[in-house]
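To start, I am sharing the structure in question, which I have written as structure tokens.
The values are calculated or read from the model by the stated rules, or taken from the named source; none is laboratory data. Because the structure is a prediction, the values reported are computed rather than measured. Every residue, glycine as well, gets a Cβ built from its backbone with ideal geometry; the counts of neighbours run over all protein chains shown.
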């Protein structure tokens, strides 16, 4: 009897579809199990490779399987899609995951630790609160504009709102509603400040120890900071950045690059000279993306090599 080599799991909220195969790729079983049934099944199964898409809940399942002695492999969904044969269903998806995971050149996602996942939740919660705060501020701006009151730009105007309102005659009911919005704004603002105190670097969440990437360029490519390529006939054609991967992390790196550019006059060292040479030849937006790419590569080198970044004796920290 053939020995089980790999199991593909199509993850669900309550039900999980499993496809098992041997080393030759021959199907050995198909099962539809609940979460509890699946964990019991794998606890009684000899150690094998278990592959699944890197989606919601995958990192938790991967950690549980590794405790049982299995090898857990996570694959980006975009790399599984080409291996789906025929009509799409859950068992076909599980089979496609096995097929993708068996490719020698396949790239995998490292399972995140509980700490990394918690940090990720913190970042996403903060982003949600920031969106809600901006929405609340825009609502107050819009409501007051309907009554001929134009507030200054920015969130700072919200702190001066009580003073501004006393300068205009507005309906009592409107004032009451605006007070409710202002209280909600202040609550969101306080929550964001509390989260900022606990905020850790998003790079630690995404990159981990960096060992899952062959080099710094691979990490930069995973977050979409390298050019898209559309080459044919031996002619290389590079486009804008690919914008793949974690858009939040990419946005933070680009924002860091823009802050560096704003303070470039006070910066010294090799990195600053490299940026200045680029600004002579390229638009500032292009330079910001290039600098974000370099910052990502530096971060990978520090994480993978357990080193310290040395900007030079004359460099000024931003």
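Tell me yes or no: at least one residue of the stretch 19-30 is in contact (Cβ under 8 Å) with a residue 24 or more places away in the chain, assigned to a loop (DSSP other than H, G, I, E, B), in contact with a helix residue (DSSP H, G or I) (Cβ under 9 Å, 6 or more places away or on another chain) and crowded, with 19+ Cβ neighbours inside 10 Å.
The answer is no, given that none of the residues of the stretch 19-30 is in contact (Cβ under 8 Å) with a residue 24 or more places away in the chain, assigned to a loop (DSSP other than H, G, I, E, B), in contact with a helix residue (DSSP H, G or I) (Cβ under 9 Å, 6 or more places away or on another chain) and crowded, with 19+ Cβ neighbours inside 10 Å.
May I pose another question? Residue by residue through the stretch 208-242, note down the ones that are touching a residue at least 24 places away in the same chain (Cβ under 8 Å), in a loop (DSSP other than H, G, I, E, B) and surrounded by 14 or more Cβ atoms within 10 Å (Cβ to Cβ).
208, 210, 212, 213, 223, 224, 225, 226
Would you be able to tell me the number of residues in the stretch 80-116 that are surrounded by 16 or more Cβ atoms within 10 Å (Cβ to Cβ) and either in a helix (DSSP H, G or I) or at positive phi (or both)?
Counting residues in the stretch 80-116 that are surrounded by 16 or more Cβ atoms within 10 Å (Cβ to Cβ) and either in a helix (DSSP H, G or I) or at positive phi (or both) gives 15.
Additional query: Residue check: is residue 272 surrounded by 11 or more Cβ atoms within 10 Å (Cβ to Cβ) and under 22 Å from the mean Cα position of the chain (by Cα)?
So residue 272 fails the test.
Given the residues 161, 119, 144, 125, which is the only one that is out of contact with any strand residue (DSSP E or B) (no Cβ under 8 Å at 6 or more places or on another chain), exposed (fewer than 14 other Cβ atoms within 10 Å of the Cβ), modelled with pLDDT under 95 and not assigned by TED's automatic domain parsing to the domain that holds residue 50?
125
Please work out which residue is modelled with the lowest pLDDT, limiting yourself to the stretch 54-78 and to residues that are buried (at least 19 other Cβ atoms within 10 Å of the Cβ) and under 13 Å from residue 107 (Cβ atoms).
Out of the qualifying residues, it is 54.
This table checks each residue for (1) out of contact with any helix residue (DSSP H, G or I) (no Cβ under 7 Å at 6 or more places or on another chain); (2) assigned to a helix (DSSP H, G or I).
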{"residue": "133", "(1), (2)": "no, yes"}
{"residue": "140", "(1), (2)": "no, yes"}
{"residue": "148", "(1), (2)": "yes, no"}
{"residue": "151", "(1), (2)": "no, no"}
{"residue": "157", "(1), (2)": "yes, yes"}
{"residue": "176", "(1), (2)": "yes, yes"}
{"residue": "187", "(1), (2)": "yes, yes"}
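Output the number of residues of the stretch 40-65 satisfying the condition of being part of a strand (DSSP E or B) and under 19 Å from the mean Cα position of the chain (by Cα).
The total comes to 2.
So, residue 245, is that one modelled with pLDDT under 85, surrounded by fewer than 16 Cβ atoms within 10 Å (Cβ to Cβ) and not in a helix (DSSP H, G or I) or not?
no
So which of 271, 279 is touching a helix residue (DSSP H, G or I) at 6+ places or on another chain (Cβ under 6 Å), farther than 22 Å from residue 111 by Cα, outside the structural domain of residue 75 (by TED's automatic domain parsing) and modelled with pLDDT of 85 or more?
Criteria check complete, one pass: 279.
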